[in-house]
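S.K.: I have a structure here, written as structure tokens, and I will follow up with some questions on it.
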Amino acid sequence: MDLIEILDIIRNTLYGLALFFALLYACLLVFIRHFHTQNNMFILNILINTITSIVYFIIYFYAVSYEMPASLCILFQYAFNIASMQGPCAFVAFTIHRFCAIVYHTKAFFKTKRWVILCISMQWIFVFILSLAFVFTAPDVYVCFT
């Protein structure tokens, strides 16, 4: 085995471990009713973002090794933008939620699960729309699977 194969094994092992622990933690948050709190909903959002990012990168590295068609280049670029922006945007959504909950602690709306769902859904919509801007601005500069 050469160095590249060893690094591939290490990468896949780390991705597998991270995916396993993220799925385990997400299942605990979903199936144990005691954990259904506002903060845990944001933690679940971060876990879902982590899971989707890991799955994307696993698929991407397998696509690179099996030389998938170049017609999928724009799709992979769009998915890469989503996967790389979801994590930071999830933390920003959680920060906005905590800020509003602290500053407007007397407003009942900021204590509801509807507010949490609004923050999380706006984060996802923002990332999907912002990623579209990267896809349509310069599609000729993408180099895939080389």
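The values are calculated or read from the model by the stated rules, or taken from the named source; none is laboratory data. Predicted model, so just to flag it, every value in this text is computed and none were measured. As a convention, Cβ positions derive from the backbone with ideal geometry for all residues, glycine included, and neighbour counts pool all protein chains shown.
S.K.: Could you list, in sequence order, the residues of segment 74-124 that are in contact with a helix residue (DSSP H, G or I) (Cβ under 8 Å, 6 or more places away or on another chain) and closer than 18 Å to I59 by Cα?
M.R.: Listed by number, the residues that qualify are I74, F76, Q77, Y78, A79, F80, N81, I82, A83, S84, M85, Q86.
S.K.: Here is a list: A93, A133. Which entry is assigned to a helix (DSSP H, G or I) and either in contact with a Lys or Arg (Cβ under 8 Å, 6 or more places away or on another chain) or surrounded by 14 or more Cβ atoms within 10 Å (Cβ to Cβ) (or both)?
M.R.: None of the others qualify; the one that does is A93.
S.K.: Go through (1) at pLDDT below 95; (2) in a helix (DSSP H, G or I) and name the single condition I125 misses.
M.R.: Of everything listed in (1) at pLDDT below 95; (2) in a helix (DSSP H, G or I), I125 misses just condition (1).
S.K.: Within segment 1-41, how many residues turn out to be in contact with a helix residue (DSSP H, G or I) (Cβ under 9 Å, 6 or more places away or on another chain) and assigned to a helix (DSSP H, G or I)?
M.R.: Count: 19.
S.K.: Just the residues that are free of Cβ contacts under 8 Å to residues at least 40 places away in the same chain and small (G, A, S), please, taken from segment 69-92.
M.R.: S71, A79, A83, S84
S.K.: Residues being among the hydroxyl-bearing types (S, T, Y) and either closer than 27 Å to K113 by Cβ or over 14 Å from the mean Cα position of the chain (by Cα) (or both): count how many of those fall in segment 54-97.
M.R.: Looking only at that region, the number is 6.
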